[in-house]
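K.L.:
Once you've had a glance at the structure underneath, I'll fire off some questions.
What follows draws every value from the coordinates through simple rules; no lab data is involved. What you see is a predicted model; the values in this text were computed from it and never measured. Positions of Cβ are backbone-derived with ideal geometry, glycine not excepted, and every protein chain shown enters the neighbour counts.
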Amino acid sequence: MDNEFTCNLKTYRTLAGLTQEQLADCVGVRRETIMRLEKAQYNPSLKLAIDISRAVNAPIEDIFIFK
């Protein structure tokens, strides 16, 4: 699968002091979804991207860089 975006989620999640499981619980997805996002293997919906941005307190455009 070609990556359509670069994901800096792991960096911002770590800075926020959250585990993958904790972030998943905050945004209502499974931990596996967060793992796939961090590996740029999954394109998030706009709602999920916004929820993650709010959860880690970082600008959405810094977390997800779409090509």
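Here's the yes/no breakdown for (1) touching a residue at least 40 places away in the same chain (Cβ under 8 Å); (2) in a helix (DSSP H, G or I); (3) not basic (Lys, Arg):
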{"residue": "Lys10", "(1), (2), (3)": "no, yes, no"}
{"residue": "Leu18", "(1), (2), (3)": "no, no, yes"}
{"residue": "Ala24", "(1), (2), (3)": "no, yes, yes"}
{"residue": "Thr33", "(1), (2), (3)": "no, yes, yes"}
{"residue": "Asp51", "(1), (2), (3)": "no, yes, yes"}
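K.L.:
Another question, if that's okay. Kindly provide the set of residues from region 53-67 that are of a type in the set (D, E, K, R) and assigned to a helix (DSSP H, G or I), ordered by number.
P.N.:
Arg54, Glu61, Asp62
K.L.:
Determine if region 30-43 includes at least one residue that is of a type in the set (A, V, I, L, M), on the phi > 0 side of the Ramachandran plot and out of contact with any Gly (no Cβ under 9 Å at 6 or more places or on another chain).
P.N.:
Yes - at least one qualifying residue is present in region 30-43.
K.L.:
Shifting gears a bit: Return the total of residues in region 35-49 being aliphatic (A, V, I, L, M) and either in contact (Cβ under 8 Å) with a residue 40 or more places away in the chain or assigned to a loop (DSSP other than H, G, I, E, B) (or both).
P.N.:
1
K.L.:
Filter region 23-67 down to the residues that are polar (S, T, N, Q) and surrounded by fewer than 15 Cβ atoms within 10 Å (Cβ to Cβ), then identify the one that is farthest from Thr6 (Cα to Cα).
P.N.:
Asn57
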